[in-house]
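Undergrad: Got a structure here, written out as structure tokens. Questions coming.
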Amino acid sequence: MDSKGLKGSRGIIAVIALMIIFVGVSTSLLQLNGNVARGISPEYNELAPYEAPNNLASWVYDYRGFDTLIETGVIYVGALVSVLAIGRGIVRVKGVEGDAPVAPSSMEFNVSTLNVILKYFGVPVIILLVAYALLVLTGAATSGGGGFQCGVIFSSAYLLGMIFYGRKNPLNLSKKFLIAIGGVGWSIYALLGLPGYLTTGYWQYNVGADLWTSGVIPGVDGMAAVVPDILRQLFGDPFRLLLVMSDGTYASTAGIVPLINIGEAFNVIGAICLIFLVFVYGWNDEEEKSR
Amino acid sequence: MIEINLQLLCFMAAALLVVIGLGGMLFLDNIIKKIIAFTLLSDGVNLALVTLGYVEGGIVSILEPGTSAGAFPENAVLIFGPGIVLTNIVIGVSTTAVLVAVTMVLYRRYGTLKASKVLKGERK
Amino acid sequence: MNESISNLWSIPLFIIIPILTAIALNIMYNRKKAISVTAVASSFALVVISALSPFGFHWFTGHPAVLPTGGYTYRADLLGWRLSLEYYYGPLQQIAIFLASLLLLFVVMISIKSLKKNIGPYISLLFLTFMSSAIVIMVNDFYHMWIGVEIGSLIVAGVVLASGEAVSQKAALKYTFFSALSGAGLAIALALILGVTGYSNISDAIKAMPLSNGSLASILYVAFGFTVLSWVYAGGLAPIHPLKADVYGASFPHATVLLQAQSKLMLVAIGLLLLRVFGTLPFAKEVMLSISVLTMMLGVVMAMLQTDFRWTLAYLIVSHSGLVTLGISLGTVQGIIGGLFQAINDVVYMSVLLLACEGVYYFGRGTSIKSVSGIAKRAPWLAIAAILGAFAASGVPPFNGFQSEIILIQASLNYGMPELAIVVLMVSVTTFIALFKGIYNIFLRPDDALNNNEKTGTPVPKILYACLAALIFITVLFGVYPQLAINFLTEAALKVVYIPWVP
Amino acid sequence: MIELQLFPALAGEVTTIVIALVLGILFGTRFQGGMSKRMVGMVFGLSIIAAILFEAPIFTWSLIAGFINEDFSISLAFIAATVGIFIGMLFRGGHE
């Protein structure tokens, strides 16, 4: 279907089909304009002063934290699958000949043509970018930041190093390290559900903030288990902040949210840097073994 | 008469992006162009989702020192839209990565980026 | 009923155990001994947990529901708006997850036995396939279902790509393109439903849906359209059936066992969602019915035309998906029971056929009816298993396929559409013909090359025979005592028809 | 606010700085190649400028967290991350 294929009756049908889809989508969105139902959203905002000041972080990592666990899995799987396509972990049935696999190939950035100033500033910029990534990570609960953003900034620093210096990247991450850090990140996230599961029975219950058994919010019916004080202090106290609002002061804590963010950041760093590294240099099992 | 406001404009732009992306994905032949069209489609969906959270005269859903915590629930934007957009971005990134990886491998095998030729398995 | 109101212990384990196993296997990469111990142990644990677990709800992150009158509650049986993500583990989920974990155990054992080194990433993808099917069948939330479908399709692409052959790379490319498209469509549907109701929990959204408001009905139609798109995609239904069939055909047959189980569970989950949310829309059931009929017809016709046994099976799986969706889209209790039962039976007997095909693959000459023949002489048990599987698939009495097809035929007669019953009969007859064309040529036709005494391939591992025996036992069991499964499914069907807001 | 400024009211104001330092050390060990003293000084100076631009996180009130007054505050987490990277590079030491 080149652009030639769009001429004639086929093209007319295509255009009509797209028009119908456009009309369907736009009319339904048009009717939503101004009548979007608020639904459950205000209830989440109601709880905001008791948790992280950044309510979106609480929503993403606490109220709907399990959705985000699977979402983190999406990026992990994305890295796993795209690297598998390039050559890591292609399997063969014993004794059966298949197609010849695509020969692993490796590209290299042409680093000799870069001018001296860029090369001189490369290392400081990479260091500052990594520091910025860590700042964004630590600001997860208080400002619009978080693990995913940290991972993306970090991997852009890594890509910058690859473009400026080629294989002599000052930020030297091996494939093994990246795979390990990705896996460790996702398992940190998954295992942070365990304290809540063991004490209250709910997976990923935020034991640090402990909104529902500590009596912060009155009128809850049915939660029997109580989070032990030691666990609440361990996960909650390091992240306690004093929220001075016009109608009162709240000693809120994000609980496990910042820790989850660290796991998410590790996972995203591992996944995206691995994608960059393998897309550029390819995957060669022999080469990996010799290291 | 429909009142023109920001939400409406954003919704219309989103619908347009979705249809452009859809058309590109279905009718362009170059695989890389198809992937670019997919990112347009995904951005259109993102725009629609973000606009879903729009509240007239609303504030960002981060508490600020000195504001009122009592008024926050009513004023803050609806939280589903921005939250789901994060997921959609991640899904878009992963899908794009997989598509690009497979395209790279197929390009090495067949030496062409034309979908019509690659899928038939013709050599250049 | 021993159903806990909330907070069921087993539900998180179905997701967390596969995730942790997958991470560990991916890091192990080529340490075969460690991989086999970990993988077999954890898949066995999944089988045991799914068999022992009681029924109930789990609210992840432990946030309660908001009562309409104010205040919060942890009781799932009260009307309230859920703050957290809700999973439900009921009879349907139990039988589906038990079968899926059993298949996972079989497939893991077979692939460890038959594959060469570097199997870590591949087996971790198999575990993630199980995870995504468990997510989709248990979840009661639009948002999470969307994530489950998306991660599921990426994993399928990975499983297909693992063989590294040109045909699987092409199949994966096409499949991933369409997954991008239908994922975006499902996201639009999610946005529209959230815009109309404001709830992402399916039960809450159904309760809050303003059905009387005429102007919003058109929004629901568009949302229905996009959800049907993703239904069609997830199950490989009619307009795009070659896409899914390519995926089935291009992966290893043992991997196809899991892929088809995942896709059947997605079909069931999204189909029940369509019925619960959009079942009251006029034309909704008709659209779904016509898609199923088209799928069945096109699937069997394409299956007859194939010369490669793997592709014959692939198209048959697609066409039998049509049987499942036929039952679901009838929308009656009997129809839904038939559809769900058909899904379960289908997974089992197709697994028998696929594993028999895997055995043929080990002889090293492919699975095309032109290149391989006379297998029955070298592996008689394999031939017997294939023939029994073919009988089950074409609905011959002592096997399970017969029981579910008879329910489907009765359901369509009771619905007042005898045409559908004829289509079902036609599908089973054509399945028989298509399968026996392949089985005769591959197993029974005398082999010319046998005289050359060539030794290619690898011996069929004993574990494959054990798995085949277990699966054939299940087909006969469900064929003789269909009540074993139907008792599990009736409750789910009743809920969908009469009280759609209960998961 | 003055009484809050001397000591951190709650631990959350300090934890971010500690996390930034620790993770900085972790990733600092991954850097290869040496750096001259002038370069270190320049990066440190740039990081202080950046820290002033980023400001302290909201709801932190103490000097330790970098809060000086409403209009002027520095993000000590950023400086801690930079320092952490330098320390990590020292650990790596002689390699390559």
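No lab work stands behind these numbers, since they all come straight from the coordinates. Please read these numbers as outputs of a predicted model, since none were measured by experiment. Methodologically, a virtual Cβ is constructed for each residue, glycine included, from the backbone with ideal geometry; neighbour enumeration extends over all protein chains shown.
Undergrad: Quick check: from the Cα gyration tensor, does chain B come out rounded (a/c under 1.5), prolate or oblate?
TA: Values: a/c = 5.95, a/b = 2.36, b/c = 2.53.
Judged from the Cα gyration tensor, chain B comes out oblate (a/c at least 1.5, b/c at or above a/b).
Undergrad: Which of rounded, prolate, oblate describes segment A:1-82, given a ≥ b ≥ c as roots of the alpha-carbon gyration tensor eigenvalues and a/c under 1.5 marking rounded, otherwise prolate only if a/b is larger than b/c?
TA: oblate
Undergrad: Which three extents, in angstrom, do the Cα atoms of chain A have along their principal axes, listed largest first?
TA: Largest to smallest, the principal-axis extents are 65, 58, 54 Å.
Undergrad: In addition: Counting other beta carbons within 10 Å of each Cβ, put A:203, C:381, C:81, A:59 in order, fewest first.
TA: C:381, C:81, A:59, A:203
Undergrad: The protein assembly as shown: D in µm²/s via Stokes-Einstein (Kirkwood Rh, Cα pairs, 37 °C, 0.692 mPa s)? Could the numbers behind the result be given before it?
TA: On the way: Rh = 29.5 Å.
D, rounded to a whole number, is 111 µm²/s.
Undergrad: Just tell me how shielded C:223-235 is by partners: mean number of partner chain Cβ atoms within 10 Å of each residue's Cβ, no decimals.
TA: 1
Undergrad: Here's another thing I want to ask about it. Binning at 5 Å from 0, report for segment C:167-250 what percent of all alpha-carbon pair distances ends up in each bin.
TA: The calculated distribution, bin by bin, is 3, 15, 20, 19, 13, 10, 9, 6, 3, 1, 0.
Undergrad: Can you give me the distance in nm between label points at residue C:444 and residue C:280, each placed 7 Å from the Cα along the Cα-to-Cβ direction?
TA: Result: 5.5 nm between the two label points.
Undergrad: How far, in degrees from 0 to 90, does helix C:91-114 lean away from the longest principal axis of the Cα atoms of chain C, to the nearest 10?
TA: The answer is roughly 30 degrees.
Undergrad: Between the DSSP loop rule and a limit of at most 16 other Cβ atoms within 10 Å, which chymotrypsin sites (Phe, Trp or Tyr not before Pro) in segment A:61-121 are left?
TA: A:109
Undergrad: Over all residues in D:26-32, what is the mean tally of Cβ atoms on other chains that come within 10 Å of each residue's Cβ?
TA: Mean partner-chain Cβ count within 10 Å for D:26-32: 6.
Undergrad: Starting from segment C:396-503, pick out the trypsin sites (Lys or Arg not before Pro) whose DSSP state is loop and whose Cβ has at most 15 other Cβ atoms within 10 Å. Before the final figure, lay out each step's value.
TA: On the way: sites: C:437, C:455, C:462, C:495; in loops: C:455.
For trypsin sites (Lys or Arg not before Pro) across segment C:396-503 that sit outside H, G, I, E and B with at most 15 neighbouring Cβ atoms in 10 Å, the list reads C:455.
Undergrad: Follow-up. What share of all Cα pairs of segment C:3-498, in percent, falls into each consecutive 10 Å distance bin?
TA: Going out from 0 Å in 10 Å bins, segment C:3-498 shows 4, 20, 31, 27, 12, 4, 1, 0, 0 percent.
Undergrad: In addition: Would you order C:254, C:63 from fewest to most other beta-carbon atoms within 10 Å of each residue's own beta-carbon?
TA: Placing the least packed residue first, the sequence is C:63, C:254.
Undergrad: Going by alpha carbons, how many degrees (0 to 90, nearest 10) lie between the helix axis of B:80-110 and the longest principal axis of chain B?
TA: 10
Undergrad: Another question about this same structure. Hey, any idea what Rg/Rh is for segment C:358-401, computing Rh the Kirkwood way over Cα pairs?
TA: The Rg/Rh ratio comes out at 1.05.
Undergrad: Could you give the angle, 0 to 90 degrees to the nearest 10, between helix C:214-235's Cα long axis and the longest principal axis of the Cα atoms of chain C?
TA: With both axes taken from Cα atoms, the answer is about 20 degrees.
Undergrad: Quick check on segment C:340-462: take the gyration tensor over C-alpha atoms, sort the square-rooted eigenvalues as a ≥ b ≥ c, and tell me if it's rounded (a/c under 1.5), prolate or oblate.
TA: Prolate shape, in that a/c is at least 1.5 and a/b is the bigger ratio.
Undergrad: Divide the volume of the convex hull of the Cα atoms of chain D by its number of residues and quote the answer in cubic angstrom per residue.
TA: It comes to 91 Å³ per residue, whole-number rounded.
Undergrad: Please sort by residue number the trypsin sites (Lys or Arg not before Pro) in segment A:41-144 whose DSSP state is loop and whose Cβ has at most 11 other Cβ atoms within 10 Å.
TA: Qualifying residues, ordered by number: none.
Undergrad: At a 10 Å Cβ-Cβ cut-off, how would you order C:47, A:74, fewest neighbours first? Mind dumping the intermediate values first?
TA: Details: C:47 18, A:74 22.
Starting with the residue having the fewest Cβ neighbours, the order is C:47, A:74.
Undergrad: So, with +1 on the Cβ of K and R and -1 on the Cβ of D and E, and no other charges, what is the size of the charge dipole of the protein assembly as shown about its Cα centre, to the nearest 20 debye?
TA: I would put it at about 4100 debye.
Undergrad: How large is the dipole of chain B about the Cα centre if only Lys and Arg carry +1 and Asp and Glu carry -1, each at its Cβ, rounded to the nearest 20 debye?
TA: 1360
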